[in-house]
C-alpha cells in the first residue's frame, strides 16, 4: 500500500506546500519490511524497499503491519488514528534524528495519513 | 442592527501571586455562574459554542477567561525575566482570584484537560465554594508521552509544533471545520506557554494519592472524557472516578480531548443533562 504513497501525496497541493522545505529520505517500517521514502520539496519522489543495511533515512517510524492497516482504515480505532497516539499507546516507535520530524510534524502525520481513504482532517 | 453573537468580551484586573494581571473574560447568559477553564496552550475561545446555545445561556451565566499568558490576557510585567511554569498552587490561586474579582456566588467550575485537572484540586480544597465541578478530559494521574522540550526552541516553530502535538487528540469523527479552529488557537500561543502549562498537567498536578479525599456530597464531581483522548484516556478517567467516590463519569464515544471546541453538537448531548442535573439539585 505504501508503494502508492506518491500518488496520494503529490496531488495534494496543500500538503506539498506544507513540506516544501523537505529534501531528504525517511524510513518507514511496515512490519518486517523497511521502506525508504524520498521527499523533495514536499513531493514523494521515491518509495523503495530498503536494499542495503546502510540505507537509511533521517528518522525511522516503525509499526507492525496490522497497526498500519488499522491506521489507514477510513475510521481507525482509538490509539490507531494518529502517529503520536500510536506512540503513546506503544503501538509505533520513532528513532533517529527527531529534529526534522518535529519541524514538520503535521506534514509527516498527514504524509502517512494520506493513504487513508477520505483522509481525516481534510 | 448588526446581528452580534451574544458573547461579550471585557477586561478586568486581578492580583495573582502578588502580580496585577490584566485578564480577558468573555461571558453570555444569566443564571447560575458557570466558569469555563480552557486547555493548556489555548484560550477561552474554546467555549464559544456554549455561549451561543440558549439551552445553556437561559439557565447559566457562562464565563470563560484567558489564563495569564494566554489569549488576550497579559503575562505579568517583567515576563521576559521569567520562565513560565504553571504550578498547582498558582493555578488554584488564579481561578480563586477570578471568582472573587467577578463576585461569583458558588459557581459551577468546568475545565478541560489541565482545566479538568485543576477543578478536581478545587473540589478537594474548597468543596463548599463551588456548586459542582465538571472535569472534561481531567484525571488525577497522567503519564507524559512526549518530551515538552520540543515545544519551545528556536529551530522548531512553537505554534506549529504545538498544534502538531495535539492534532491527534482530536477524534477522527470531529468536523474538519472545528478540528482546524481548535488547532488554530494552538498555533497562536505565546512562546513556551504550552510547555509551561504542561508542567502542571504532567508533572506538578498529580494527586491520585489525595483525590480519594474529595467529598462529593459537598461538591458534586462530574468526569467526561473522550474515547479518542490519548492522554486522559477512558481508562484513566475510570480510574479517577473509582478513587473519587460518588463522582459520575461518562466516556464520550467518537470524541477527543477538546469536546467543547472539536465537536460542539456532540458535546451538547453530553453536557446538557449534566448542567440540567446541577441546576435541579440547586
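Only residues that are assigned to a helix (DSSP H, G or I) and within 18 Å of the chain's Cα centre (by Cα): list them for the range B:166-187, please.
From the range B:166-187, those assigned to a helix (DSSP H, G or I) are B:166-169, B:176-187; that's our starting set.
The answer is B:166, B:167, B:169, B:178, B:179, B:181, B:182, B:183, B:184, B:185, B:186, B:187.
So, residue A:99, is that one more than 30 Å from residue B:234 (Cα to Cα), modelled with pLDDT of 95 or more and in a helix (DSSP H, G or I) or not?
Numbers: more than 30 Å from residue B:234 (Cα to Cα): yes; modelled with pLDDT of 95 or more: yes; in a helix (DSSP H, G or I): yes.
Yes: the conditions hold for residue A:99.
Quick check on my filter: what residues within the range B:145-172 are out of contact with any helix residue (DSSP H, G or I) (no Cβ under 8 Å at 6 or more places or on another chain) and facing chain A (nearest Cβ under 7 Å)? B:172 - this is the single residue of the range B:145-172 that is out of contact with any helix residue (DSSP H, G or I) (no Cβ under 8 Å at 6 or more places or on another chain) and facing chain A (nearest Cβ under 7 Å). Any idea which residue in the range A:58-77 is farthest from the other protein chains (Cβ to nearest Cβ), counting only those that are part of a loop (DSSP other than H, G, I, E, B) and in contact with a strand residue (DSSP E or B) (Cβ under 9 Å, 6 or more places away or on another chain)? Within the range A:58-77, the match that is farthest from the other protein chains (Cβ to nearest Cβ) is A:64.
For every residue, the table says whether it meets (1) at pLDDT 95 or above; (2) within 15 Å of residue B:113 (Cβ to Cβ).
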{"position": "B:205", "(1), (2)": "no, yes"}
{"position": "B:214", "(1), (2)": "yes, no"}
{"position": "B:217", "(1), (2)": "yes, no"}
{"position": "B:240", "(1), (2)": "yes, yes"}
{"position": "B:254", "(1), (2)": "yes, no"}
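The rows are residues; the columns are (1) touching a residue at least 24 places away in the same chain (Cβ under 8 Å); (2) within 14 Å of another protein chain (Cβ to nearest Cβ).
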| position | (1), (2) |
| --- | --- |
| B:216 | yes, no |
| B:230 | yes, yes |
| B:235 | no, yes |
| B:242 | no, no |
| B:247 | yes, no |
| B:253 | yes, yes |
| B:271 | yes, no |
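Does residue B:178 satisfy the condition of being closer than 29 Å to residue B:60 by Cβ, surrounded by fewer than 24 Cβ atoms within 10 Å (Cβ to Cβ) and touching a helix residue (DSSP H, G or I) at 6+ places or on another chain (Cβ under 7 Å)? It is true that residue B:178 is closer than 29 Å to residue B:60 by Cβ, surrounded by fewer than 24 Cβ atoms within 10 Å (Cβ to Cβ) and touching a helix residue (DSSP H, G or I) at 6+ places or on another chain (Cβ under 7 Å). Please go through the range A:19-59 and pick out each residue that is touching a helix residue (DSSP H, G or I) at 6+ places or on another chain (Cβ under 8 Å), surrounded by 14 or more Cβ atoms within 10 Å (Cβ to Cβ) and within 18 Å of residue A:83 (Cα to Cα). Once the filter is applied, which keeps residues that are touching a helix residue (DSSP H, G or I) at 6+ places or on another chain (Cβ under 8 Å), surrounded by 14 or more Cβ atoms within 10 Å (Cβ to Cβ) and within 18 Å of residue A:83 (Cα to Cα), the range A:19-59 yields A:19, A:26, A:28, A:30, A:35, A:37, A:58, A:59.
Restricted to the range B:1-75, the set of strands (runs of 3 or more DSSP E) holding at least 3 residues that are within 18 Å of the chain's Cα centre (by Cα), modelled with pLDDT of 95 or more and surrounded by 21 or more Cβ atoms within 10 Å (Cβ to Cβ) comprises B:19-28, B:32-37, B:60-65.
Please indicate, with yes or no, whether at least one residue in the range A:92-107 is more than 7 Å from chain B (Cβ to nearest Cβ), within 19 Å of residue A:6 (Cβ to Cβ) and touching a helix residue (DSSP H, G or I) at 6+ places or on another chain (Cβ under 6 Å). Walk me through how you get there before you give the answer.
Going residue by residue through the range A:92-107, those that are more than 7 Å from chain B (Cβ to nearest Cβ) are A:92-98, A:100-101, A:104, A:107.
This time we only want the ones that are within 19 Å of residue A:6 (Cβ to Cβ), so: A:104, A:107.
After this cut, where a residue has to be touching a helix residue (DSSP H, G or I) at 6+ places or on another chain (Cβ under 6 Å) as well, the list is A:107.
Looking through the range A:92-107, at least one residue is more than 7 Å from chain B (Cβ to nearest Cβ), within 19 Å of residue A:6 (Cβ to Cβ) and touching a helix residue (DSSP H, G or I) at 6+ places or on another chain (Cβ under 6 Å).
Scanning the range B:201-212 for residues that are assigned to a helix (DSSP H, G or I) and exposed (fewer than 14 other Cβ atoms within 10 Å of the Cβ) yields a count of 1.
Going by the structure shown, is residue A:97 in contact (Cβ under 8 Å) with a residue 12 or more places away in the chain and over 19 Å from residue B:172 (Cα atoms)? Answer is yes for this residue.
Residue under question is residue A:26, and the condition is that it be in a strand (DSSP E or B), farther than 21 Å from residue B:178 by Cα, at pLDDT 95 or above and away from chain B (no Cβ under 14 Å); does it hold? So residue A:26 fits the description; yes. Per the conditions (1) away from chain A (no Cβ under 14 Å); (2) in contact with a helix residue (DSSP H, G or I) (Cβ under 7 Å, 6 or more places away or on another chain); (3) at pLDDT 95 or above, the sole criterion not satisfied by residue B:79 is (2).
The values are calculated or read from the model by the stated rules, or taken from the named source; none is laboratory data. As the structure is a computational prediction, the values presented were derived from the model and not from experiment. Cβ: placed from backbone, ideal geometry, glycine included. Neighbour counts: every protein chain shown.
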